[in-house]
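To start, the structure itself, in structure tokens.
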Amino acid sequence: MYMAKTTPNDWKSSLTQLENTLNEYFGQKAPQLPKNIKELIVKLSPYFTILGIILSVPAVFAIIGIGALASPFMMMAGVGWGIRAIISLIALIVTLILEIMAVNGLFKREKQAWDKLFYVSLLSAATALISMNLFSLVVGTALSWYFLFQVRSYYK
């Protein structure tokens, strides 16, 4: 089977194309939030991100501990359960790292910080898809993209 080689530029251009498409629908065609609400979201987003980080760190350790105890039983229930749990844990850790990396830039309203939150939303959507959590996939992803793209222009 032939597999095309991908370069970092292919991924970057694909992400840029996806971002532009989502911006068209969620940032431009969707009903616009009032300017004062957008400004409030931009001002509060670093604090909400910090709060999310603070709440996530103990959750990661709890999941690792519970996972260590429960993993043999999850595997007996079916390989799918164990693999989904491991993927979810890895996604949570990567999400946590991206959010930590974004905090400083959110205060400065840097585009790279917004990009990291966009990657978090993509990772969350992929995790919801793998976990077959369709409500989170559809509703959670749509809401996160709506708010992200409504305030995208505030980040330079």
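Just so you know, all these numbers are worked out from the coordinates, no wet-lab data involved. Note that the structure is a prediction, hence the values are computed from the model and not measured. For neighbour counting, all protein chains shown are included, and Cβ atoms are generated from backbone atoms with ideal geometry for every residue, glycine included.
Worth a mention:
- Per-pair calculated FRET efficiency, R0 = 25 Å: Y154 and E24 via Cβ, rounded to 0.05: 0.90
- Percent RCO, i.e. relative contact order, over the stretch 95-144, from Cα pairs under 8 Å lying at least 6 residues apart: 28
- Degrees, to the nearest 10: 111-130 long Cα axis against longest axis of the chain: 40
- Cα-centre dipole for the chain with unit charges at Cβ (Lys and Arg positive, Asp and Glu negative), debye to 20: 380
- Neighbourhood net charge (11 Å Cβ-Cβ; Lys/Arg +1, Asp/Glu -1) for K116: -2
- Most fluctuating residue given options L89, L18, L137, as computed from a GNM of the chain linking Cα atoms under 10 Å: L18
- Note on N133 and N104: with the Förster distance fixed at 41 Å, the Cβ-Cβ geometry gives a FRET efficiency of about 0.85.
- In degrees, nearest ten, helix 79-108 long axis to first principal axis of the chain (Cα): 30
- Options (1) 12, 41, 34, 11, 2, 0; (2) 10, 32, 34, 18, 6, 0; (3) 12, 45, 37, 6, 0 - which one matches P(r) over Cα pairs in 10 Å bins from 0, in percent as calculated here: (2)
- Total lysine pairs under 22 Å (Cα atoms) in the chain, excluding pairs fewer than 8 apart on one chain: 22
- Cα centroid separation, the stretch 20-66 to the stretch 114-136 (Å): 12
- A Förster distance of 41 Å, applied to the separation of the beta-carbon atoms of I41 and I83, puts the FRET efficiency at 0.70.
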